[in-house]
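To start, the structure under review is shown below, and the notes come after it.
Read the figures in this text as sums done on the coordinates, not as results from a lab. As the structure is a computational prediction, the values presented were derived from the model and not from experiment. In this analysis, Cβ positions are derived from the backbone assuming ideal geometry, glycine residues included, and neighbour counts consider all displayed protein chains.
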Amino acid sequence: MRRAEQRTAVNRARKSRIHTFIRKVEEAITAGDQDVAKAALKAAQPEIMRGSSRGVLRPNTASRRVSRLSARIKAMAG
């Protein structure tokens, strides 16, 4: 039980960190600043994928999030 509680705490921290990175990207997208959004995505992508490899996120979920954020940033140009 203690081990499960420790893992839960670690995973919750990782998930929270991932959400923070994603929120920074989304805030930059809403602000309309493509350069800041690209930089934020570049920082967020390894964090999201690390969460996937550690088992915090499903691999497809991680890929989908990166893909959708990337598509939204790309759409800002047009």
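Ordering LEU57, ILE18, ALA71 by the projection of their Cα atoms onto the charge dipole of the chain, which places +1 on the Cβ of Lys and Arg and -1 on the Cβ of Asp and Glu, puts LEU57 at the extreme positive end. Taking the C-alpha atoms only, the angle from helix 2-31 to the longest principal axis of the chain is near 10 degrees. Recomputing Rg and Dmax of the Cα atoms in Å from the coordinates shown identifies the correct label among (i) 11.7, 39; (ii) 12.8, 42; (iii) 14.1, 52 as (iii).
Basic side chains Lys and Arg get +1 at the Cβ, acidic Asp and Glu get -1 at the Cβ, and with that the dipole of the range 1-43 about its Cα centre reaches some 500 debye.
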